[in-house]
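Below is one structure; the comments refer to it alone.
The values are calculated or read from the model by the stated rules, or taken from the named source; none is laboratory data. Since the structure is predicted, the reported quantities are computational estimates derived from the model, not experimental observations. Positions of Cβ are backbone-derived with ideal geometry, glycine not excepted, and every protein chain shown enters the neighbour counts. These area figures cover heavy atoms from the full protein model, side chains too; ligands, DNA and RNA do not enter into them. Shrake-Rupley method; radii C 1.70, N 1.55, O 1.52, S 1.80 Å.
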Amino acid sequence: MNPYIIPFEKLKNKDVELVGGKNASIGEMISRLADLGVSVPGGFATTAHAYRDFLAQGGLDGRIREALASLDVDDVERLAVVGSQIRGWMLATPFPDRLQAEVLDSWRKMGKGGEFAVAVRSSATAEDLPDASFAGQQETFLNVRGEERLLSCIHEVYASLFNDRAIAYRVHSKYDHNAVALSVGVQHMVRSDLGAAGVMFTLDTDSGFRDVVFITSAYGLGETVVQGAVNPDEFYVYKPALRAGRRSVLRKNLGQKAIKMIYGAPGTQERVRTVDVATEDRQRFSLDEADVLSLAKQALIIEEHYGTPMDIEWGKDGDTGKLYILQARPETVQSRAGRSIQRFTLKARSTLLVSGRSIGQRIGAGHARVIRDVREMSRVRAGDVLVADMTDPDWEPVMKRAAAIVTNRGGRTCHAAIIARELGIPAVVGCVTATSAIRENQAVTVSCAEGDTGHVYDGMLEYDQRNIELDSLPSIPVKIMMNIGNPDRAFDFATLPHKGVGLARLEFIINRMIGVHPRALLEFDKQSPELKEAIAQQIAGYADPVSFYVDKLAEGISQIAAAFAPEPVIVRLSDFKSNEYANLIGGKNYEPHEENPMLGFRGASRYIDRVFRPCFELECRALKRVRDEMGLTNVQLMVPFVRTLLEAKTVTQLLADNGLKRGDNGLLHIMMCELPTNAVLADRYLEYFDGMSIGSNDMTQLALGLDRDSGVVAKLFDERDDAVKALMSMSIKACKARGKYVGICGQGPSDHPELARWLVEQGIDSLSLNPDTVVETWMFLAGDRPD
């Protein structure tokens with residue numbers, strides 16, 4: 001007699017055809033990974049035999065086949081009618097007596113005579129196979145109590161195999177309806193309604209970068225994260241550091257977490273309900289670092305066992321503080337991506353309508369369809385931009401028509417984000433006001449090609465789209481490195497061919513991720529009440545103002561360093577001018593007014609200044625943490641705007657005093673070669689440094705005696721001028737004579753390929769380019785250029 005019920009602990013991965021991918025995976029983890037530290041709540045699964053015997057009653061299976069035979073699933077109105085009819089038939093069909101008896105017997109054994117709650121989850125037998133992701137297609141019911149409710153929910157799960165979205169998805173994925181059966185998983189509930197829950201991936205979901213665990217988290221039951229109803233907290237954990245027992249949290253992003261799902265009120269028919277999160281809880285992370293690391297370790301165990309990147313749901317029990325893995329499936333988008341990449345670039349920008357989290361790196365344009373209810377879905381036509389508060393699996397039949405998706409709510413692992421990646425279309429999620437800021441039928445452009453923040457612009461804007469075959473680039477006689485300012489794009493840019501980062505701009509990290517003047521943080525107690533409030537908003541989730549500054553600097557540096565490891569990442573110490581520092585929160589209280597900040601208080605002069613020195617020491621603390629505690633010793637440092645030999649001597653000694661001594665653990669001190677004095681006295685400057693990186697922007701400005709911020713003389717600015725080239729040539733020769741590193745990180749070779757070729761002829765070691773010019777310059781140097 002074929003089994004109807006199997007306890008999770010008796011299931012293995014090989015049982016997919018019997019209990020579906022989700023339930024087989026739960027059984028695999030309970031039976032194989034518990035001793036390794038992976039905690040999974042127990043329970044049981046109904047089998048495909050039980051489901052097929054249920055359908056065999058009264059010829060139900062034949063009626064379903066007949067109803068679906070001629071259905072056009074792209075006719076969403078007809079799809080809704082047929083789907084509703086089939087589900088009605090199924091709910092009207094009783095369970096076989098044997099199935100009902102065995103379900104209740106297994107359920108009673110779970111409870112051991114006490115009061116308890118279970119989750120009732122679907123697991124289709126074709127679900128989560130390598131060539132299809134059926135995740136979320138069927139129903140899940142949480143906080144199910146009592147025999148009657150249990151049987152009712154299992155019935156609903158059975159019927160959900162013929163949800164409109166599931167019918168359409170099977171047709172589009174070319175799965176035979178008759179070949180798919182349904183298993184129901186009945187699993188002990190974790191009291192994450194009192195704690196937190198979320199989703200984690202063992203790669204970066206946008207770029208496919210494999211060396212991180214990406215964790216999302218929010219308060220309450222995990223459905224809000226999966227559905228995209230909240231903007232969750234995000235954490236990136238660096239796998240090599242985690243395995244080595246080092247400090248390994250690369251990055252934290254504080255989410256809004258405006259709502260949470262909790263158990264319904266006792267004594268009511270309400271299983272779950274959604275409530276607002278207290279303001280003070282929104283302003284802190286929903287997981288502490290110990291929990292983040294514990295989850296990441298479990299994720300690594302699961303990934304290593306399955307041998308493929310994984311998509312994992314987890315929950316934290318608020319009663320016990322224990323972390324549980326609820327389910328795990330192979331990741332089905334980035335892990336299958338090839339070695340060709342597409343690059344999108346906007347040619348122009350217009351009025352910005354809304355911004356949110358970007359999903360992918362594409363651009364899409366079309367007329368907006370502002371959909372406020374799933375019943376309006378049929379209004380979405382091919383090429384439209386779907387705008388909604390959030391999406392769920394019911395929307396999937398029309399999502400494939402959209403040129404892009406924009407939502408008010410959701411994070412990078414929400415339903416809209418997952419489907420957008422699968423469909424290969426851009427999405428901007430968590431915009432808050434998208435459905436009010438964007439008008440029905442308004443022409444819009446959705447850009448995810450500008451970093452971690454996605455933008456929706458008014459009108460149909462022009463953009464470039466290129467396909468790059470990464471394995472077909474020819475060899476060239478120079479190292480190509482990249483200039484990186486935005487850590488959010490580091491994982492993506494690292495997919496380009498490279499020999500590391502020739503310029504990581506610390507001031508970009510300060511501006512984008514911190515936004516507060518370092519002295520305002522060091523002297524927080526002296527600030528006005530208004531300024532304290534503004535700073536408090538920026539540092540939410542961090543222990544104190546100074547920790548915030550060091551932590552965020554370290555996060556930005558480590559994200560770039562991890563993305564490009566083991567290749568060198570040359571981090572330039574902050575090179576803000578006084579007017580740029582003044583634009584930070586609190587900055588006007590500390591910065592001098594200078595008529596020409598380009599030639600003023602910047603670079604090495606700042607670091608050795610008695611008043612600014614404590615700010616510089618915070619930069620040193622962040623760099624030391626990344627190198628010494630996280631083990632990212634591919635980080636080298638670069639000192640900008642060194643005016644005199646005395647400054648060179650003083651700043652290198654100051655670095656050593658702050659734990660960043662030349663030669664320790666392979667640390668190199670590079671200097672920006674950007675003043676004529678640096679080139680003229682290059683041999684003497686190299687007594688204090690391990691090499692030079694030419695800054696062609698400032699070198700051109702100072703060689704030609706023009707302010708590069710002045711529009712009046714801008715037409716005279718040209719890095720190819722003979723005087724500039726003479727200074728660059730002197731620098732290269734001096735470095736070569738001493739056997740020291742020499743590269744260029746200025747804008748020149750990115751803008752002028754012929755200058756890049758001249759620099760190669762001079763014997764330069766590396767060209768550090770803007771990422772969007774890497775492939776073009778590479779091909780130019782290889783000889784692939786117009787005659």
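Of all residues in the stretch 675-721, exactly one satisfies the criterion of being touching a strand residue (DSSP E or B) at 6+ places or on another chain (Cβ under 9 Å) and β-branched (Val, Ile, Thr), namely Ile694. Restricting attention to the stretch 1-54, and to residues there that are open to solvent by less than 40 Å² (accessible area, probe 1.4 Å) and among the polar types (S, T, N, Q), which single residue is nearest to Ala296 (Cα to Cα)? Out of the qualifying residues, it is Ser39. One residue alone among Ala229, Ala244, Ala218 is over 23 Å from Gly356 (Cα atoms) and in contact (Cβ under 8 Å) with a residue 40 or more places away in the chain, and that residue is Ala244. Taking the criterion of being of a type in the set (D, E, K, R) and within 19 Å of Ala181 (Cβ to Cβ), the residues of the stretch 60-84 that qualify are Asp61, Arg63, Arg65, Glu66.
Residue count for the stretch 76-99 under the criterion of being open to solvent by 70 Å² or more (accessible area, probe 1.4 Å) and over 28 Å from Thr47 (Cβ atoms): the result is 3. Taking (1) under 30 Å from Cys153 (Cβ atoms); (2) open to solvent by less than 60 Å² (accessible area, probe 1.4 Å) in turn, Leu300 satisfies each apart from (1). For Phe689, the stated conditions do not hold, so it cannot be described as farther than 28 Å from Gly556 by Cα and of a type in the set (A, V, I, L, M, F, W, C).
Checking each residue in the stretch 581-616 for being within 34 Å of the chain's Cα centre (by Cα) and more than 24 Å from Leu655 (Cα to Cα) picks out Ala582, Asn583, Leu584, Ile585, Gly586, Gly587, Lys588. For the stretch 580-595, the count of residues that are among the polar types (S, T, N, Q), in a helix (DSSP H, G or I), within 25 Å of Phe285 (Cβ to Cβ) and touching a residue at least 24 places away in the same chain (Cβ under 8 Å) is zero.
If you filter the stretch 454-497 down to residues that are assigned to a loop (DSSP other than H, G, I, E, B) and of a type in the set (Ser, Thr, Tyr), you find that the one that is surrounded by the most Cβ atoms within 10 Å (Cβ to Cβ) is Thr495.
On the stretch given as the stretch 728-748, residues that are crowded, with 24+ Cβ neighbours inside 10 Å and within 25 Å of Thr773 (Cα to Cα) total 8.
Number of residues in the stretch 503-526 that are over 30 Å from Cys745 (Cα atoms) and open to solvent by 20 Å² or more (accessible area, probe 1.4 Å) equals 5. Applying the set (1) part of a loop (DSSP other than H, G, I, E, B); (2) over 21 Å from the mean Cα position of the chain (by Cα) to Gly451 leaves exactly one unmet item: (2).
The residues of the stretch 224-245 that are in a helix (DSSP H, G or I), open to solvent by 10 Å² or more (accessible area, probe 1.4 Å), more than 27 Å from Met390 (Cβ to Cβ) and of a type in the set (A, V, I, L, M) amount to a single one, Leu242.
Test Pro568 against the criterion of being closer than 30 Å to His498 by Cβ and open to solvent by 10 Å² or more (accessible area, probe 1.4 Å), and give yes or no. Yes. Of Leu221, Leu203, all but one fail to be within 30 Å of Arg362 (Cβ to Cβ), open to solvent by less than 10 Å² (accessible area, probe 1.4 Å) and not in a strand (DSSP E or B); the exception is Leu203.
The residue list Leu194, Leu182 contains one member that is buried (at least 23 other Cβ atoms within 10 Å of the Cβ) and among the hydrophobic types (A, V, I, L, M, F, W, C), which is Leu182.
Quickly run through the stretch 571-596 and pick out the residues that are among the hydrophobic types (A, V, I, L, M, F, W, C) and surrounded by fewer than 19 Cβ atoms within 10 Å (Cβ to Cβ).
Initial filter on the stretch 571-596 (among the hydrophobic types (A, V, I, L, M, F, W, C)): 571, 573, 576, 582, 584-585.
Within the stretch 571-596, Ile585 is the sole residue that qualifies.
Considering only residues of the stretch 440-467 that are among the hydroxyl-bearing types (Ser, Thr, Tyr) and modelled with pLDDT of 95 or more, which is farthest from Asp206 (Cα to Cα)? Among residues in the stretch 440-467 that are among the hydroxyl-bearing types (Ser, Thr, Tyr) and modelled with pLDDT of 95 or more, the one farthest from Asp206 (Cα to Cα) is Tyr457. Restricting the stretch 340-399 to residues that are in contact (Cβ under 8 Å) with a residue 40 or more places away in the chain, touching a helix residue (DSSP H, G or I) at 6+ places or on another chain (Cβ under 7 Å) and in a loop (DSSP other than H, G, I, E, B) leaves a set whose member that is surrounded by the most Cβ atoms within 10 Å (Cβ to Cβ) is Thr391.
Picking from residues in the stretch 246-273 that are buried (at least 18 other Cβ atoms within 10 Å of the Cβ) and polar (S, T, N, Q), the one that is modelled with the lowest pLDDT is Asn253. Among the residues of the stretch 615-623, is any open to solvent by 10 Å² or more (accessible area, probe 1.4 Å), touching a residue at least 60 places away in the same chain (Cβ under 8 Å) and assigned to a helix (DSSP H, G or I)? Yes, because at least one residue in the stretch 615-623 is open to solvent by 10 Å² or more (accessible area, probe 1.4 Å), touching a residue at least 60 places away in the same chain (Cβ under 8 Å) and assigned to a helix (DSSP H, G or I).
For the stretch 688-699, does any single residue satisfy the condition of being out of contact with any Pro (no Cβ under 6 Å at 6 or more places or on another chain), open to solvent by less than 40 Å² (accessible area, probe 1.4 Å), over 20 Å from Thr644 (Cα atoms) and of a type in the set (Gly, Ala, Ser)? No, that holds for no residue. Within the stretch 552-565, identify whether any single residue is open to solvent by 30 Å² or more (accessible area, probe 1.4 Å) and either part of a helix (DSSP H, G or I) or among the charged types (D, E, K, R) (or both), and answer yes or no. Among the residues of the stretch 552-565, not one is open to solvent by 30 Å² or more (accessible area, probe 1.4 Å) and either part of a helix (DSSP H, G or I) or among the charged types (D, E, K, R) (or both), which makes the answer no. Criterion first (open to solvent by 60 Å² or more (accessible area, probe 1.4 Å), of a type outside the set (A, V, I, L, M), in contact (Cβ under 8 Å) with a residue 40 or more places away in the chain and over 15 Å from Tyr158 (Cα atoms)) does Glu102 satisfy it? Criteria not met by Glu102.
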